[in-house]
Structure formats: C-alpha cells, structure tokens
Amino acid sequence: MYKFIFIAYSAMLLSYVLARPQDQRAAGAGVTTTTTAATIVKQDNVNNADGSFNSSYETSNEYAWRTLATSRRSSSPKTETSDGQVIDEHEELVLVQTGSYSYSDPEGNIITLRYVADENGFQPEGDHLPVAPQ
C-alpha cells in the first residue's frame, strides 16, 4: 500500500515540475521579463489633403515607430495578355511609405528595421535580417 502511495505522489510531483510555465523555469537563467504596461511618451501625426502623411511615436519601453507616406505617379509597362493582345502603358498614382521601427531585444540590443512599401511590395532592411545566399 505504501509503495503505491509513494509512486502516486512521485508521479504527481514530477508532473507538477514538468507542467510549470516556461517563464518560471527560465527565471533562474538570468532572463528578465516585465509586465509593466508601456505608455506613449511622444506622438506626432500629420495628415495631408492629398493622402500623404507623416506619423511617429515612441513608448516608455524604448519602442519607436516612424513612417512617411507620399504619393507618386508610376507608369506600368506595356504587357501582353495570354491571347497576344497588347495592354498599353498607363500611369497610376502609387502610395509610397518609408519608415522604420526599433525595439530592445531581451539582451538589451537595439533592433532597427527600415522599410519601403510601394508598387514593388514591402522591402525591409536591417542588420538583424538574414541574407539570402548568392
């Protein structure tokens, strides 16, 4: 009987240790976490009648975001449909956004991502991003 109780309690203790949240297991490993809510310490927004804008904000936990959006005319090249019909070149208005955001990683390093978003899609740049093999 005592052997059964010992095995049952040992199994319960082992399952408790393994089921703890990951944060509690890593607490002794030098990883610090915070649950303090961040507040916006600086914010600027300028919206223009033509659809362009300039916006930025910074938070108390060192997160920063900036973007500038402008519109420009872009011409699409002549193309052909699958049946050989030529589609003429035409101009269209394109919204172009350039910007960046930055934050601190868990080790305290500042990570910054710069980007352009235009008719060619979202194009990020940053020292932390992997580089495609050549």
Which trypsin sites (Lys or Arg not before Pro) in the range 37-130 pass both tests, a DSSP loop state and at most 12 other beta-carbon atoms within 10 Å?
-> Lys78
Dimensions (Å) - the range 38-86, Cα atoms, principal axes, largest first | 58, 25, 10
Potential lengthening between Arg114 and Asn61 on full extension [0.36 nm per residue; Cα-Cα distance subtracted] = 17.1 nm
Tensor-based shape of the range 34-125 (alpha-carbon gyration tensor, a/c under 1.5 rounded, otherwise prolate or oblate) | prolate
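Using Cβ contacts closer than 10 Å as the measure, can you line up Thr67, Thr36 from fewest to most?
By the 10 Å Cβ count, ascending, the order reads Thr36, Thr67.
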Added length on full extension, which subtracts the Cα-Cα distance from 0.36 nm per residue, Ile7 to His128 = 38.6 nm
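Since every read-out is calculated from the coordinates, none of them should be taken as a lab result. It should be emphasised that the depicted structure is a prediction, and the values quoted were computed from it without experimental measurement. Positions of Cβ are generated from backbone atoms using ideal geometry, with glycine treated the same way; all protein chains shown enter the neighbour counts.
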